[in-house]
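Reviewing the structure listed below.
A short reminder: the numbers here are calculations on the coordinates, not readings from a lab. As the structure is a computational prediction, the values presented were derived from the model and not from experiment. No Cβ is skipped: glycine too gets one built from the backbone with ideal geometry, and neighbour counts run over all protein chains shown.
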């Protein structure tokens, strides 16, 4: 590894997480970290625990063992709404935008918080509409009427309204057309340039390797491989081993 | 693999049973009557436990079953002369079964909350009918009648004495308990408990869940009606107050306090609640609203002790 | 043809009109009570058995304020606010600890609460019912009756409150939070919405609505500790018929059932007219169990 990670405290650190769904032991001691402003990829086949890791970080699922730290502070056990306000954004698999709320109202859910003036809110909205002009057009439409790609953009824009330090992105390209997939790649780039860290769960290997600085590969609920994204290519044996069919 | 209840269980059972037999001989009349009433309300609560504790269906309809048992018995005792004990019981059980069938048919297709609310509303329907059909039911004033003789055909017939009344009630309640215990431990009972745990899975396995629920409601209703019959015989009157849904609420309270899913728990719960009521009114006077502290205890138990007084013994009592 | 004419002539048109007005008036109050109930069920998944008692306490609060100040509107506002706060406290103490547990628990907890509140009222205020006089005693001629303006005022105020709430839901921040929470509780949290407080707020709003209905209705009947019981039953029927959690449905169902009952009372008398609501309930359960006024039956 050639990342100077030991110097600064990572933004998000996950230590030895064991998470269960009922009796199923999903995460067997996952440990990883994301530095400030870093894009980190989390790869693996279906069902290995990638989404569960994100959900555990977000407090949607409580781990039986292990810790989650944010900015050096332990956040395991805190309610999700507190984590959102601390600066963790979450964009789940299948988007989960509020279907019966308008695009505008969806964005509002992230804007209406402590310490936000009207100017700041307007500035954030303008930024979102600049990144996603489509959303500006559809701002009065109900979320459920948007196409899959548009909903994905709304889900990301909504998370951006929280002015997060890190966004947990769960399979953003799933079910999207290739043109949209490259758009997602561009969005991730822009966010990275804005200084937002991203923990990206994906099955799309090329996109992930392109966008991330480091990647972890998960299998059966544990980290099996960890390296800089530049060190591996799509055709590498490591990729074939853990992600091949 | 049959599970045999432990010796300790049967010893405990026998001890308590013996105590209850002896009770009327040693207790002053007030307390004798108290114990008898605890047994009757306990039977009502126990019938409700079959649904709540074993099948996982909360019902607020038991006041209707109780009430119809009561009025059914009243009908037999008023219409047929000389008043006959067994006829009263039969009429009461038939009345309760009828109500149970009605409720079961409509409600068993509904889940959880809907079921609870509709049983509540149905018991109110019965209340309104009984309250307004004054010619038949005596309306607000209820019906008064005389107690039949304790008669075993061809063998024995005599007036009830307080002691024999108590023994009769004890016998009926104990027999009911043993019967319900057998039912809950039978394959039928196992299916009910499986419905409580996971209704969808039980249905997926292939059990006709609705039919099981209907039978459960009917069984529950019949025993609630039996409690109503006993009440009528003991007190010699029937009144619409008992059909008001608050009676169902009482049964549920006894269940929660005593511990659902234990059958005995509700009887203990009834005893505890009625005893507390007695204690509070003795200390603070008749006018004191005993339901305020008791209600708060009830809420507290739901939050902190949801398994009830006997909840810890639930497994053991069901072996 | 003669039979039809005969039939039409037999319909007491003036009574029908009067009962229509009555039905709408009662329906609006019922709608206000039921709205709170269905809101609490839709957002918190709680069947609030104590709702009738909140109605009753609202009415008593109204009595207290009127006796002290003589102002009906002050009573209405004070009662609504005080009981709303009380509702919030109630939810925090008795219902928050039960979040995540089987719904049976909350049904029992609210049932226990209703017992405590009823008996408290009985203890504090005694069994004799109190009366509030109507704030407006003027009447107008409606067919052969002197119809009180006050009844129309009640209907109007109920409509205003419901309408005001609807606007609140649509345009205010908290309203957006409520709607987001009801659609997707998990993502609402992920967006920083303090869902536990949304729950408390919704319960408080429901309680406030019940209290307002209590004050509005009080001049029509006597205020006593048991007045909540009949209303809560009716309200439950309305909520089931309207579709649980469906606000518009409850309002429609409230008016529908009240109208039917008012019409029925022309022929059978008020005490039997309540059977109408039972019949409507049974028919709904048989044919459209998710609610008569729900768009697509599930």
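Using Cα centres only, tell me the gap between the stretch B:27-53 and the stretch B:240-261 in whole Å.
11
Please give the FRET efficiency for residue A:230 paired with residue C:92, using the beta carbon to beta carbon distance and R0 = 51 Å, rounded to the nearest 0.05.
Rounded to the nearest 0.05, the efficiency is 0.45.
If you line up the long axis of helix C:227-242 against the longest principal axis of chain C, both from Cα atoms, how many degrees apart are they, to the nearest 10?
The two axes meet at around 90 degrees.
As a test of the formula, what do you get for chain C when each DSSP H run with n ≥ 4 contributes -39,500 (n - 2.57) and the sum is divided by the residue count, at 222 nm and rounded to the nearest 500 deg cm²/dmol?
One gets -24500 deg cm²/dmol as the mean residue ellipticity at 222 nm.
If you build a Gaussian network model of chain B, linking Cα atoms that sit under 10 Å apart, which residue out of B:74, B:200, B:270 swings the most?
B:200
Taking the Cα atoms only, what angle lies between the long axis of helix C:247-268 and the longest principal axis of chain C, rounded to 10 degrees?
The helix C:247-268 is inclined about 30 degrees to chain C.
Once you put a point 7 Å from the Cα of residue B:30 and another 7 Å from the Cα of residue C:170, both along the Cβ direction, what distance in nm separates them?
With each label point 7 Å from Cα toward Cβ, the separation is 6.5 nm.
Based on the Kirkwood radius over alpha-carbon pairs, what is the Stokes-Einstein translational diffusion coefficient of the stretch C:16-65 at 4 °C with 1.567 mPa s viscosity, in µm²/s?
104
Quick one: grab Rg to one decimal and Dmax as a whole number for chain C, Cα atoms only, in Å.
Over chain C's Cα set, Rg and Dmax evaluate to 19.9, 70 Å.
If you count the DSSP beta bridges with both ends in the stretch A:12-243, what percent of them are antiparallel, to the nearest 5?
55
Across the Cα atoms of the stretch B:44-126, what radius of gyration and what greatest pairwise Cα-Cα distance (Dmax) are found, in Å?
Answer for the stretch B:44-126, Rg first and Dmax second: 14.0, 46 Å.
Name the shape class, rounded, prolate or oblate, that the alpha-carbon gyration tensor gives for the stretch B:154-276, where a ≥ b ≥ c are the square roots of its eigenvalues, rounded holds for a/c under 1.5, and otherwise prolate holds if a/b is larger than b/c and oblate otherwise.
The shape class here is prolate.
Arranged from highest to lowest average of other beta-carbon atoms within 10 Å per residue, in what order do the peptides B:288-297, A:125-134 appear?
Packing proxy ranking, top to bottom: B:288-297, A:125-134.
When the helix-only estimate is applied to chain A (DSSP H runs of n ≥ 4, each -39,500 (n - 2.57), divided by the residue count), what is the mean residue ellipticity at 222 nm, nearest 500 deg cm²/dmol?
-10000 deg cm²/dmol
Over the whole of A:53-60, what's the average partner chain Cβ count within 10 Å per residue? Rounded to a whole number, please.
Average neighbour count from other chains, rounded to a whole number: 1.
Report the FRET efficiency, 1/(1 + (r/R0)^6), for residue B:13 and residue B:288, where r is their Cβ-Cβ distance and R0 is 56 Å, rounded to 0.05.
0.95
Over the C-alpha atoms of the stretch B:212-319, what are the Rg and the largest Cα-to-Cα span, Dmax, in Å?
Radius of gyration, then largest Cα-Cα span, for the stretch B:212-319: 15.4, 47 Å.
May I ask you to derive the relative contact order of the stretch B:1-122, considering only C-alpha pairs under 8 Å and at least 6 residues apart, and to give it as an integer percent?
22
Using only alpha carbon positions, build the gyration tensor of the stretch A:182-238, then give the equivalent ellipsoid semi-axes as the square roots of 5 times its eigenvalues, largest first, whole angstrom.
Ellipsoid half-lengths, sorted descending, are 21, 13, 10 Å.
Only bridges whose two residues both fall in the protein assembly as shown count here: according to DSSP, what percent of them are antiparallel, nearest 5?
For the protein assembly as shown, the DSSP antiparallel bridge percentage is about 65.
Which three lengths, in whole Å and largest first, does chain A cover when its Cα atoms are put on their principal axes?
47, 39, 38
Just to be sure I follow: if Rg is taken over the C-alpha atoms of the protein assembly as shown and Rh is the Kirkwood radius over the same atoms, what is Rg/Rh?
1.04
So, in Å, what gap is there between the alpha-carbon centers of the stretch A:81-99 and the stretch C:236-286?
The stretch A:81-99 and the stretch C:236-286 have Cα centres spaced 42 Å from each other.
For the stretch B:113-167 and the stretch A:6-66, compute the distance between their C-alpha centroids and round to whole Å.
Going from one Cα centre to the other spans 63 Å.
For chain B, just say rounded, prolate or oblate: build the C-alpha gyration tensor, square-root its eigenvalues into a ≥ b ≥ c, call rounded for a/c under 1.5, and beyond that prolate if a/b exceeds b/c, oblate if not.
In terms of gyration-tensor shape, rounded.
As a check on your grasp of the helix formula, calculate [θ] at 222 nm for chain B: sum -39500 (n - 2.57) over DSSP H runs of n ≥ 4, divide by the residue count, round to the nearest 500.
-24000 deg cm²/dmol
Let me check against my output: what whole-number percent is the relative contact order of the stretch B:27-244, with C-alpha pairs under 8 Å and at least 6 apart?
41
Extending each Cα 7 Å along its Cβ direction at residue C:129 and residue B:200, get the distance between those two points in nm, one decimal.
4.7
Just tell me how shielded C:168-176 is by partners: mean number of partner chain Cβ atoms within 10 Å of each residue's Cβ, no decimals.
Counting Cβ atoms of other protein chains within 10 Å of each residue's Cβ and averaging gives 2.
What does the structure give for B:248-255 when I average, per residue, the other chain Cβ atoms found within 10 Å of the residue Cβ?
2
To the nearest 10 degrees, how steeply does helix A:118-131 sit against the main Cα axis of chain A, on a 0 to 90 scale?
That works out to roughly 70 degrees.
Roughly what would the spin-label model give for residue B:241 and residue A:139, points 7 Å off Cα along C-beta, in nm?
6.6
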